[in-house]
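Okay, structure first, notes after.
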Amino acid sequence: MDLIRLKNVEKKYKNGVQAIYDLNLAIEKGAFVFVIGGSGSGKSTLIKMLYREEKPTKGQVIVGGLDVAKLKNRKVYKLRRKLGIVFQDFRLLPKLTVYENVAFALECLGEKKSIIREKVLKALEDVGLKNKVHSYPDQLSGGEQQRVAIARAIVNDPKLLLCDEPTGNLDPEKSMEIMEVLEDINKNRGTTIIMATHDKEIVNKLKKQVITLKEGRLVNHKKKGKYEDEAI
Ligand code: ADP
(Lines give C-alpha, C1' and ligand atoms only; values in the text may rest on other atoms or scores of the structure.)
Protein backbone atom coordinates (compact mmCIF):
# COMPACT_ATOMS: atom_id res chain seq x y z
CA MET A 1 0.00 0.00 0.00
CA ASP A 2 1.23 3.48 -0.85
CA LEU A 3 1.44 6.02 1.94
CA ILE A 4 2.41 8.81 -0.45
CA ARG A 5 1.46 9.51 -4.05
CA LEU A 6 2.43 12.49 -6.16
CA LYS A 7 0.75 12.97 -9.52
CA ASN A 8 2.06 15.49 -12.06
CA VAL A 9 3.22 17.81 -9.30
CA GLU A 10 4.64 21.22 -10.16
CA LYS A 11 5.81 23.91 -7.77
CA LYS A 12 6.42 27.43 -8.93
CA TYR A 13 7.21 29.99 -6.23
CA LYS A 14 5.67 33.47 -6.35
CA ASN A 15 8.98 34.97 -7.57
CA GLY A 16 8.72 32.79 -10.69
CA VAL A 17 11.28 30.15 -9.68
CA GLN A 18 10.08 26.69 -10.62
CA ALA A 19 11.36 24.31 -7.95
CA ILE A 20 9.59 21.10 -9.08
CA TYR A 21 8.61 19.93 -12.59
CA ASP A 22 6.02 17.22 -13.34
CA LEU A 23 6.87 14.93 -10.44
CA ASN A 24 5.25 11.49 -10.20
CA LEU A 25 6.07 9.35 -7.21
CA ALA A 26 4.72 6.53 -5.07
CA ILE A 27 6.15 5.59 -1.67
CA GLU A 28 4.85 2.52 0.10
CA LYS A 29 4.13 2.21 3.83
CA GLY A 30 7.17 1.30 5.89
CA ALA A 31 9.74 2.48 3.32
CA PHE A 32 12.98 4.28 4.16
CA VAL A 33 13.71 6.75 1.38
CA PHE A 34 16.59 9.14 0.80
CA VAL A 35 15.95 12.24 -1.30
CA ILE A 36 19.22 13.43 -2.78
CA GLY A 37 20.35 16.07 -5.23
CA GLY A 38 22.50 19.18 -5.35
CA SER A 39 21.69 22.41 -3.58
CA GLY A 40 18.56 23.97 -5.10
CA SER A 41 17.41 20.72 -6.74
CA GLY A 42 14.04 20.82 -4.90
CA LYS A 43 14.58 18.47 -1.95
CA SER A 44 13.22 20.85 0.70
CA THR A 45 10.36 21.91 -1.53
CA LEU A 46 9.32 18.27 -1.92
CA ILE A 47 9.45 17.70 1.85
CA LYS A 48 7.54 20.95 2.49
CA MET A 49 4.75 19.89 0.13
CA LEU A 50 4.34 16.67 2.11
CA TYR A 51 3.49 18.55 5.32
CA ARG A 52 1.63 21.39 3.57
CA GLU A 53 4.17 24.08 4.37
CA GLU A 54 4.00 24.70 0.60
CA LYS A 55 1.20 23.82 -1.83
CA PRO A 56 1.87 22.46 -5.31
CA THR A 57 0.92 24.87 -8.09
CA LYS A 58 -0.26 21.90 -10.18
CA GLY A 59 -0.98 18.23 -9.57
CA GLN A 60 -1.91 16.13 -6.59
CA VAL A 61 -0.09 15.26 -3.35
CA ILE A 62 -1.70 12.42 -1.38
CA VAL A 63 -0.38 11.58 2.09
CA GLY A 64 -2.10 8.84 4.10
CA GLY A 65 -5.25 9.19 2.00
CA LEU A 66 -5.42 12.99 2.42
CA ASP A 67 -5.32 15.23 -0.65
CA VAL A 68 -2.84 17.68 0.85
CA ALA A 69 -3.29 20.61 -1.55
CA LYS A 70 -7.08 20.55 -1.19
CA LEU A 71 -6.99 20.41 2.60
CA LYS A 72 -8.63 23.45 4.20
CA ASN A 73 -6.41 25.36 6.62
CA ARG A 74 -8.58 24.32 9.55
CA LYS A 75 -8.10 20.65 8.56
CA VAL A 76 -4.29 20.75 8.28
CA TYR A 77 -4.04 19.32 11.81
CA LYS A 78 -5.41 16.04 10.39
CA LEU A 79 -2.32 15.79 8.19
CA ARG A 80 0.12 17.01 10.84
CA ARG A 81 -1.12 14.36 13.28
CA LYS A 82 -0.01 11.68 10.82
CA LEU A 83 3.58 12.91 10.62
CA GLY A 84 6.63 14.06 12.52
CA ILE A 85 9.30 16.45 11.22
CA VAL A 86 13.01 16.75 11.99
CA PHE A 87 15.10 19.71 10.78
CA GLN A 88 18.83 20.30 10.37
CA ASP A 89 18.88 22.86 13.20
CA PHE A 90 16.97 20.78 15.82
CA ARG A 91 14.50 23.59 16.76
CA LEU A 92 14.17 22.64 20.44
CA LEU A 93 12.65 25.05 22.96
CA PRO A 94 15.67 26.28 24.98
CA LYS A 95 13.82 26.99 28.23
CA LEU A 96 12.24 23.53 28.43
CA THR A 97 13.92 20.33 29.61
CA VAL A 98 14.35 17.31 27.35
CA TYR A 99 11.24 15.75 28.88
CA GLU A 100 9.21 18.95 28.45
CA ASN A 101 10.33 19.42 24.85
CA VAL A 102 9.13 15.94 23.94
CA ALA A 103 5.92 16.21 26.01
CA PHE A 104 4.93 19.64 24.68
CA ALA A 105 2.86 18.57 21.67
CA LEU A 106 1.03 15.90 23.65
CA GLU A 107 0.17 18.44 26.34
CA CYS A 108 -1.24 20.73 23.65
CA LEU A 109 -3.43 17.83 22.49
CA GLY A 110 -4.75 17.50 26.05
CA GLU A 111 -3.50 13.94 26.64
CA LYS A 112 -3.67 12.48 30.15
CA LYS A 113 -0.52 13.03 32.24
CA SER A 114 0.08 9.29 32.77
CA ILE A 115 -0.19 8.60 29.02
CA ILE A 116 2.11 11.52 28.22
CA ARG A 117 4.70 10.16 30.66
CA GLU A 118 4.54 6.68 29.15
CA LYS A 119 4.87 7.94 25.57
CA VAL A 120 7.64 10.45 26.32
CA LEU A 121 9.77 7.92 28.19
CA LYS A 122 9.29 5.34 25.41
CA ALA A 123 10.32 7.88 22.74
CA LEU A 124 13.38 8.94 24.76
CA GLU A 125 14.31 5.30 25.27
CA ASP A 126 14.04 4.69 21.52
CA VAL A 127 16.57 7.46 20.85
CA GLY A 128 18.85 6.40 23.72
CA LEU A 129 18.33 9.47 25.92
CA LYS A 130 16.31 8.22 28.88
CA ASN A 131 19.11 9.35 31.20
CA LYS A 132 18.85 12.99 30.04
CA VAL A 133 15.21 13.76 30.83
CA HIS A 134 16.04 16.67 33.16
CA SER A 135 18.74 18.27 30.98
CA TYR A 136 18.24 21.48 29.00
CA PRO A 137 19.11 21.62 25.28
CA ASP A 138 22.25 23.75 25.85
CA GLN A 139 23.61 21.02 28.14
CA LEU A 140 23.54 18.49 25.29
CA SER A 141 25.80 17.81 22.31
CA GLY A 142 24.46 18.46 18.80
CA GLY A 143 23.90 14.75 18.26
CA GLU A 144 21.94 14.50 21.52
CA GLN A 145 19.85 17.56 20.66
CA GLN A 146 18.96 15.98 17.34
CA ARG A 147 17.95 12.78 19.13
CA VAL A 148 15.61 14.85 21.35
CA ALA A 149 14.13 16.37 18.19
CA ILE A 150 13.60 12.86 16.81
CA ALA A 151 11.94 11.74 20.07
CA ARG A 152 9.64 14.76 19.84
CA ALA A 153 8.78 13.87 16.24
CA ILE A 154 7.88 10.24 16.99
CA VAL A 155 6.27 10.62 20.42
CA ASN A 156 2.74 10.35 19.03
CA ASP A 157 3.71 7.38 16.83
CA PRO A 158 3.18 9.04 13.43
CA LYS A 159 2.96 6.95 10.24
CA LEU A 160 5.48 9.23 8.53
CA LEU A 161 8.72 10.85 9.65
CA LEU A 162 10.09 13.64 7.44
CA CYS A 163 13.73 14.60 7.93
CA ASP A 164 15.28 17.59 6.15
CA GLU A 165 19.10 17.26 6.29
CA PRO A 166 18.97 15.87 9.87
CA THR A 167 22.74 15.21 9.94
CA GLY A 168 23.69 18.49 8.25
CA ASN A 169 25.11 20.02 11.45
CA LEU A 170 26.79 16.89 12.79
CA ASP A 171 30.18 15.22 12.39
CA PRO A 172 30.34 11.80 10.65
CA GLU A 173 30.33 9.80 13.88
CA LYS A 174 27.29 11.59 15.36
CA SER A 175 25.60 11.39 11.96
CA MET A 176 25.94 7.62 11.96
CA GLU A 177 24.40 7.47 15.47
CA ILE A 178 21.43 9.45 14.19
CA MET A 179 21.09 7.04 11.26
CA GLU A 180 21.08 4.05 13.62
CA VAL A 181 18.27 5.67 15.61
CA LEU A 182 16.28 6.32 12.41
CA GLU A 183 16.82 2.76 11.16
CA ASP A 184 15.55 1.38 14.49
CA ILE A 185 12.45 3.58 14.35
CA ASN A 186 11.76 2.44 10.78
CA LYS A 187 12.19 -1.21 11.73
CA ASN A 188 10.60 -1.33 15.18
CA ARG A 189 7.74 1.19 14.85
CA GLY A 190 7.17 0.61 11.11
CA THR A 191 7.39 4.38 10.56
CA THR A 192 7.87 5.42 6.94
CA ILE A 193 10.93 7.69 6.75
CA ILE A 194 11.74 10.25 4.07
CA MET A 195 15.08 11.96 4.50
CA ALA A 196 16.57 14.71 2.36
CA THR A 197 20.35 14.63 2.53
CA HIS A 198 23.64 15.67 0.96
CA ASP A 199 25.56 13.02 2.85
CA LYS A 200 27.06 10.67 0.27
CA GLU A 201 28.65 8.38 2.84
CA ILE A 202 25.35 7.73 4.64
CA VAL A 203 23.42 7.07 1.43
CA ASN A 204 26.04 4.65 0.11
CA LYS A 205 26.37 2.82 3.41
CA LEU A 206 22.69 2.29 4.21
CA LYS A 207 21.51 1.12 0.75
CA LYS A 208 17.90 2.32 1.07
CA GLN A 209 15.54 3.61 -1.58
CA VAL A 210 17.00 6.66 -3.29
CA ILE A 211 15.11 9.41 -5.10
CA THR A 212 17.40 11.71 -7.06
CA LEU A 213 16.30 15.22 -7.98
CA LYS A 214 18.13 17.42 -10.45
CA GLU A 215 17.02 20.99 -11.12
CA GLY A 216 13.49 20.15 -9.96
CA ARG A 217 13.10 16.92 -11.92
CA LEU A 218 13.11 13.32 -10.78
CA VAL A 219 16.06 11.73 -12.55
CA ASN A 220 16.26 8.44 -10.66
CA HIS A 221 14.27 6.28 -8.21
CA LYS A 222 16.08 3.17 -7.08
CA LYS A 223 15.02 0.49 -4.60
CA LYS A 224 18.52 0.01 -3.19
CA GLY A 225 20.43 2.95 -4.41
CA LYS A 226 23.69 4.74 -4.12
CA TYR A 227 24.57 8.39 -4.30
CA GLU A 228 24.80 8.96 -8.03
CA ASP A 229 27.52 11.23 -9.37
CA GLU A 230 24.89 13.08 -11.37
CA ALA A 231 23.29 14.20 -8.09
CA ILE A 232 26.32 16.09 -6.85
P1 ADP B 1 17.15 22.00 -2.00
O2 ADP B 1 16.43 21.65 -0.74
O3 ADP B 1 17.40 20.82 -2.88
O4 ADP B 1 18.40 22.81 -1.76
P5 ADP B 1 14.93 23.86 -2.44
O6 ADP B 1 13.70 23.05 -2.51
O7 ADP B 1 15.24 24.57 -1.17
O8 ADP B 1 16.19 22.94 -2.87
O9 ADP B 1 14.94 24.95 -3.60
C10 ADP B 1 14.60 24.64 -4.96
C11 ADP B 1 14.55 25.94 -5.74
O12 ADP B 1 13.46 26.74 -5.29
C13 ADP B 1 15.79 26.81 -5.61
O14 ADP B 1 16.02 27.45 -6.85
C15 ADP B 1 15.39 27.81 -4.55
O16 ADP B 1 16.09 29.03 -4.68
C17 ADP B 1 13.91 27.99 -4.82
N18 ADP B 1 13.13 28.33 -3.60
C19 ADP B 1 13.06 27.62 -2.46
N20 ADP B 1 12.22 28.19 -1.57
C21 ADP B 1 11.76 29.31 -2.18
C22 ADP B 1 10.86 30.36 -1.79
N23 ADP B 1 10.23 30.33 -0.59
N24 ADP B 1 10.62 31.35 -2.67
C25 ADP B 1 11.22 31.37 -3.87
N26 ADP B 1 12.07 30.42 -4.31
C27 ADP B 1 12.35 29.41 -3.48
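The values are calculated or read from the model by the stated rules, or taken from the named source; none is laboratory data. The shown structure was predicted, so the numbers you read here are calculated from the model rather than taken from an experiment. Please note: Cβ atoms are built from the backbone with ideal geometry, for glycine as well, and neighbour counts cover all protein chains shown. For accessibility, only protein heavy atoms count, side chains too; no ligands or nucleic acids. Shrake-Rupley method; radii C 1.70, N 1.55, O 1.52, S 1.80 Å.
Worth pointing out:
- Tilt relative to the chain, helix 113-126 - C-alpha long axis, 0 to 90 degrees, to 10: 70 degrees
- Local electrostatic count, Val155, Cβ distance below 13 Å [Lys/Arg +1, Asp/Glu -1]: 0
- Nearest-0.05 FRET efficiency for Val76 and Glu201, computed from C-beta distance (R0 35 Å): 0.45
- Those GluC sites (Glu not before Pro) in segment 36-108 that DSSP places in a loop and that have at most 14 other beta carbons within 10 Å: Glu53
- Where a label projected 7 Å from the Cα of Tyr13 along Cα→Cβ would reach, residues of segment 50-77 with amide N under 18 Å: 50-58
- Interchain or long-range residues, amide H under 5 Å from Tyr227's placed H: Asn204
- Accessible surface computed residue by residue for the chain, with neighbouring protein chains in place and a 1.4 Å probe, gives 50 Å² per residue.
- For segment 203-220, 3J(HN,Hα) computed residue by residue from phi via the Karplus equation (6.51, -1.76, 1.60; θ = phi - 60°) reads 4, 5, 6, 7, 6, 9, 4, 10, 10, 10, 9, 9, 6, x, 10, 6, 10, 6 Hz, glycine and proline entered as x.
- Computed log₁₀ I(q)/I(0) - Debye formula, equal Cα scatterers, no solvent, segment 93-157, q 0.18, 0.25 Å⁻¹: -0.54, -1.03
- Electrostatic bookkeeping for Glu111 treats Lys and Arg as +1 and Asp and Glu as -1; over the other residues with beta carbon under 15 Å from its beta carbon, the sum is +3.
- Pairwise Lys count, segment 93-157 - Cα closer than 16 Å, eight or more residues apart or different chains: 7
- Folded to 0 to 90 degrees: helix 172-188 orientation relative to the chain principal axis, Cα: 90 degrees
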